[in-house]
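Chemist: Structure below; questions to follow.
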Amino acid sequence: MVNQLLPAVRSALYNASEGEEAQKVNEDAEEVLKTLEKEVKGKKFLGGNEIGFLDIVGIVAAYWMPTLQEAAGKQLITKDKYPAICDWAERLLACDVIHQNLPPKEKLLPFFQARIQAMFNHHMLILPTPNS
């Protein structure tokens, strides 16, 4: 599941198409996120009460993906839709050892924004505006 998470969500966030193609990409991401939601529901961390290897791998969902969502101007993982994922992410990011070893969001966000814009420019697509 973890190996499917990033590609599925990244495709949904980077996708500027509409119609059936966009629906299929979003459905693929939703399927993977629903699986993760079930896995973290009722758990402090993926391995139990202590941070484990899967939680470290899951930092992609906990930290990088929300920043990527903001850069893309799309909301895929929300507290309303995936409360267990969001609660788990908050617990994980509240750990000093995790938080202290992540790049600052103030630097990561402009990096993702520039990368996404370059990708869309290359494909001559228009990036959706944030909150649209």
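No lab work stands behind these numbers, since they all come straight from the coordinates. Given the structure is predicted, the values throughout are model-derived calculations rather than measurements. Reconstructed Cβ throughout: ideal geometry from the backbone, glycine too, with neighbour counts over all protein chains shown.
Chemist: Using all C-alpha to C-alpha distances in the chain, build P(r) with 5 Å bins and read off the rounded percent in each one.
Modeler: All Cα pairs, binned at 5 Å, distribute as 2, 10, 20, 23, 20, 14, 8, 4, 1, 0 percent.
Chemist: Enumerate by residue number the GluC sites (Glu not before Pro) in the stretch 22-115 meeting two conditions: DSSP loop (anything except H, G, I, E, B), and at most 11 other Cβ atoms within 10 Å of the site's Cβ. Each step should come with its number before you reach the end.
Modeler: Values: sites: Glu27, Glu30, Glu31, Glu37, Glu39, Glu50, Glu70, Glu90, Glu106; in loops: Glu50.
Passing both the DSSP loop test and the Cβ count: Glu50.
Chemist: How big is the dipole moment of the stretch 2-122 about its Cα centre under a simple scheme where the beta carbon of each Lys and Arg is +1, that of each Asp and Glu is -1, and everything else is neutral? Debye, nearest 20, please. All intermediate terms of the calculation are to be shown ahead of the outcome.
Modeler: Working: 14 positive and 17 negative charges, 51 e Å.
Magnitude of the dipole: close to 240 debye.
Chemist: Taking DSSP loops as anything outside H, G, I, E and B, show the longest stretch in the chain free of trypsin sites (Lys or Arg not before Pro) there with at most 13 other beta carbons within 10 Å.
Modeler: Working: sites that count: Lys41, Lys79.
In short, 80-132.
Chemist: Of Lys79/Lys107; Lys34/Lys81; Lys24/Lys79, which sit over 20 Å apart, Cα to Cα?
Modeler: On the way: Lys79/Lys107 24 Å; Lys34/Lys81 9 Å; Lys24/Lys79 23 Å.
From Lys79/Lys107; Lys34/Lys81; Lys24/Lys79, over 20 Å: Lys79/Lys107; Lys24/Lys79.
Chemist: Pick from Gly19, Gly52, Gly73 the residue whose mean-square fluctuation is largest in a GNM of the chain, springs joining Cα atoms under 10 Å.
Modeler: Residue with maximal mean-square fluctuation among Gly19, Gly52, Gly73: Gly19.
Chemist: Please find, in a Gaussian network model of the chain (springs between Cα atoms separated by less than 10 Å), the residue of Asn121, Asn26, Asn15 whose mean-square fluctuation is greatest.
Modeler: Of the options given, Asn121 has the highest mean-square fluctuation.
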